[in-house]
Amino acid sequence: MSVAKKQYKRVTVKSLVEMKANGEKISMLTAYDYTMAKILDKAGLDVLLVGDSASNVMAGHETTLPITLDQMIYHASSVVRAIDRCLVVVDLPFGSYQSDPKEALRSAIRIMKESGGHSIKLEGGKEVKESIKRILNAGIPVMGHLGLTPQSIYKFGTYTVRAKEEEEAEKLMEDALMLERIGCFALVLEKVPAKLAQKVAEAISIPVIGIGAGNGVDGQVLVTHDMIGMTHEFNPRFLRRYLDLFADMTGAFENYVTDVKSGDFPNEKEQY
């Protein structure tokens with residue numbers, strides 16, 4: 001017998017824990033601006049991630065490292081103004097939390113106060129434990145992030161799958177249990193073997209949201225611009241493209257250029 005899913009007028013961190021307990025998968029996509037966030041919220045997404053991937057998608061950088069705290073606050077503010085239902089999670093950018101728990105708290109407070117975001121996300125396990133605890137003690141909800149952590153790309157040297165070897169897999173599990181224990185409300189697992197991701201999701205009570213982590217987790221996240229095909233150079237195995245907007249938009253812009261050059265636009269009905 002199927003159980004009716006609870007309808008949430010407003011998704012909170014508590015809602016996500018309930019979704020996991022009820023066996024309801026969590027939908028999450030990235031958002032960086034008001035217009036896109038408005039559409040995503042209307043479509044019924046559960047979580048919007050104001051990701052430091054804005055560094056790549058919006059600014060054209062090769063990595064997520066260059067984006068600043070001020071820029072993250074700008075993007076998050078734009079997203080928050082658009083939403084009625086979604087939970088908004090904001091990435092703490094590289095350099096804003098790793099060196100000092102006090103700095104981590106200051107960064108998190110700035111995001112919450114200046115953007116209106118509902119929670120923050122940061123990368124890492126035991127090495128950032130004290131920063132996470134300090135933020136949680138201030139009453140700020142924290143989402144963890146393990147596996148491939150893009151802010152550490154120069155340490156890893158590659159975007160390949162993480163935790164394929166037993167030692168790294170054991171550390172990932174230990175970090176996941178630790179993040180749950182100290183009070184994180186959810187966890188992102190990026191680019192790890194599906195069996196390991198499922199094992200983690202079954203071992204902890206908080207939701208595990210995957211990106212390239214198989215279907216045995218509690219939800220999924222993708223970069224919106226990738227899944228609607230606005231970007232076209234990035235083609236990992238885990239990415240499903242639901243549209244090909246690169247081709248559609250290019251065609252529309254080409255038609256506009258043709259119509260302007262020919263004098264067809266504007267026609268008599270499009271004038272005053």
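The values are calculated or read from the model by the stated rules, or taken from the named source; none is laboratory data. None of the values given here were measured: they were computed from a predicted structure. Note that we place each Cβ from the backbone using ideal geometry, even for glycine, and neighbour counts take in every protein chain shown. The area values use the complete protein model at the heavy-atom level, side chains included, leaving out ligands, DNA and RNA. Shrake-Rupley method; radii C 1.70, N 1.55, O 1.52, S 1.80 Å.
Inside the range 32-52, can you point out the residues that are without any contact (Cβ under 8 Å) to a residue 60 or more places away in the chain and among the acidic types (Asp, Glu)?
Asp33, Asp41
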Out of curiosity, is Leu105 within 16 Å of the chain's Cα centre (by Cα) and either closer than 25 Å to Pro150 by Cβ or open to solvent by less than 50 Å² (accessible area, probe 1.4 Å) (or both)? no
When the range 181-196 is examined, which residues are found to be without any contact (Cβ under 8 Å) to a residue 40 or more places away in the chain and under 23 Å from Leu222 (Cα atoms)? Pro193, Ala194, Lys195, Leu196
Could you say whether any residue in the range 102-123 is under 24 Å from Val223 (Cα atoms) and of a type in the set (Val, Ile, Thr)? yes
Taking Ala104 as the residue in question, decide whether it is in contact (Cβ under 8 Å) with a residue 40 or more places away in the chain, small (Gly, Ala, Ser) and in contact with a Lys or Arg (Cβ under 7 Å, 6 or more places away or on another chain). no
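So, restricting to strands (runs of 3 or more DSSP E) that lie completely within the range 84-147, which ones have at least 1 residues that are touching a Pro at 6+ places or on another chain (Cβ under 8 Å)?
Hits in the range 84-147: 119-121.
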In the range 58-84, the residues that are buried (at least 18 other Cβ atoms within 10 Å of the Cβ) and at pLDDT below 95: Thr64
Residue that is modelled with the lowest pLDDT, among those in the range 144-158 that are over 13 Å from Thr64 (Cβ atoms) and open to solvent by less than 20 Å² (accessible area, probe 1.4 Å): Gly147
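How about the range 159-178: which of its residues are open to solvent by 40 Å² or more (accessible area, probe 1.4 Å), of a type in the set (A, V, I, L, M) and in a helix (DSSP H, G or I)?
Of everything in the range 159-178, just one residue is open to solvent by 40 Å² or more (accessible area, probe 1.4 Å), of a type in the set (A, V, I, L, M) and in a helix (DSSP H, G or I), namely Leu177.
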What are the pairs, 6+ residues apart or on separate chains, where a residue within the range 89-100 that is open to solvent by 40 Å² or more (accessible area, probe 1.4 Å) has its Cβ under 8 Å from a residue that is in a loop (DSSP other than H, G, I, E, B) and β-branched (Val, Ile, Thr)? Phe94/Thr64; Phe94/Ile67
Would you list the strands (runs of 3 or more DSSP E) that sit entirely within the range 179-272 and hold 2 or more residues that are open to solvent by 20 Å² or more (accessible area, probe 1.4 Å) and of a type outside the set (Gly, Ala, Ser)? 219-222
